[in-house]
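The values are calculated or read from the model by the stated rules, or taken from the named source; none is laboratory data. What you see is a predicted model, and the numbers here were worked out from it, not measured in a lab. In this analysis, Cβ positions are derived from the backbone assuming ideal geometry, glycine residues included, and neighbour counts consider all displayed protein chains. To get the accessible areas, we keep the full protein, side chains included, count just its heavy atoms, and leave off ligands, DNA and RNA. Shrake-Rupley method; radii C 1.70, N 1.55, O 1.52, S 1.80 Å.
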Amino acid sequence: QVELMESGGGGLVQAGGSLKLSCTALGSIFNFDTMGWYRQAPGKKRELVAVITSSGNSNYADSVKGRFTISKDIAKNTVHLQMNSLQPEDTAVYYCTAKMKVTMFEALKDYWGLGTQVTVSS
């Protein structure tokens, strides 16, 4: 069984501050295609924040470009999201996601973490 364990959120940060989220895939994993982060603010749809491929290519939402950086540590099955210059509009539940195979015989499948709260005060 595979699960995504998120850490680094759950607290309150002031506008302009920084926070680093991490997500580790626990369990037996064959390989990754992508890992990344989505977020969902109250009353809004879940949206892409950043995603990184196994080869290291990354993609960001326009709203976070230049402020957030996604990185990976494949050896540790971990992805990080460094968030700088946080603003109140970044307040949301942040969800880790991974597209991966747990065995070489299975198709790629999407996995989701339970989410971690990020609250930015003005």
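Could you list, in sequence order, all residues of region 45-55 that are in contact (Cβ under 8 Å) with a residue 12 or more places away in the chain and in a loop (DSSP other than H, G, I, E, B)?
Once the filter is applied, which keeps residues that are in contact (Cβ under 8 Å) with a residue 12 or more places away in the chain and in a loop (DSSP other than H, G, I, E, B), region 45-55 yields R46, S54.
Exactly one condition in (1) open to solvent by 40 Å² or more (accessible area, probe 1.4 Å); (2) on the phi > 0 side of the Ramachandran plot is false for A15; which is it?
Failed condition: (2).
Hey, does region 105-114 have a residue that's closer than 16 Å to Y38 by Cα and part of a loop (DSSP other than H, G, I, E, B)? Before you say what the answer is, go through the steps one by one.
Start the filter on region 105-114 by keeping residues that are closer than 16 Å to Y38 by Cα, which leaves 110-114.
From what is left, the residues that are part of a loop (DSSP other than H, G, I, E, B) are 113-114.
Yes, there is a match, as at least one residue in region 105-114 is closer than 16 Å to Y38 by Cα and part of a loop (DSSP other than H, G, I, E, B).
Could you please give the count of residues in region 1-12 that are surrounded by fewer than 16 Cβ atoms within 10 Å (Cβ to Cβ) and of a type outside the set (A, V, I, L, M)?
The qualifying residues number 5.
V102 fails exactly one of the following numbered conditions: (1) modelled with pLDDT under 95; (2) farther than 14 Å from L4 by Cβ; (3) in contact with a Lys or Arg (Cβ under 9 Å, 6 or more places away or on another chain); (4) not hydroxyl-bearing (S, T, Y). What is the number of that condition?
Checking V102 against (1) modelled with pLDDT under 95; (2) farther than 14 Å from L4 by Cβ; (3) in contact with a Lys or Arg (Cβ under 9 Å, 6 or more places away or on another chain); (4) not hydroxyl-bearing (S, T, Y), the one that fails is (2).
Please tell me if G17 is within 14 Å of the chain's Cα centre (by Cα) and touching a residue at least 60 places away in the same chain (Cβ under 8 Å).
Against the criterion (within 14 Å of the chain's Cα centre (by Cα) and touching a residue at least 60 places away in the same chain (Cβ under 8 Å)), G17 does not qualify.
Exactly one condition in (1) closer than 18 Å to M5 by Cα; (2) among the small types (G, A, S); (3) surrounded by fewer than 13 Cβ atoms within 10 Å (Cβ to Cβ) is false for A107; which is it?
Among (1) closer than 18 Å to M5 by Cα; (2) among the small types (G, A, S); (3) surrounded by fewer than 13 Cβ atoms within 10 Å (Cβ to Cβ), A107 violates only (1).
Can you tell me which residue in region 18-38 is nearest to F105 (Cα to Cα), limited to those that are assigned to a strand (DSSP E or B), at pLDDT 95 or above and open to solvent by 50 Å² or more (accessible area, probe 1.4 Å)?
Of everything passing the filter in region 18-38, Y38 is nearest to F105 (Cα to Cα).
Can you tell me which residue is most open to solvent (accessible area, probe 1.4 Å) among those in region 41-83 that are closer than 16 Å to V118 by Cβ and of a type in the set (V, I, T)?
T69
Tell me the residue from D73, D90, D62, D33 that is charged (D, E, K, R), over 15 Å from the mean Cα position of the chain (by Cα) and at negative phi, please.
Working: D73 fails: over 15 Å from the mean Cα position of the chain (by Cα); D90 fails: over 15 Å from the mean Cα position of the chain (by Cα); D33 fails: over 15 Å from the mean Cα position of the chain (by Cα).
Of the residues listed, the single one that is charged (D, E, K, R), over 15 Å from the mean Cα position of the chain (by Cα) and at negative phi is D62.
Being of a type in the set (S, T, Y) and within 14 Å of E89 (Cα to Cα) is true for just one of S63, S54. Which residue is that?
S63
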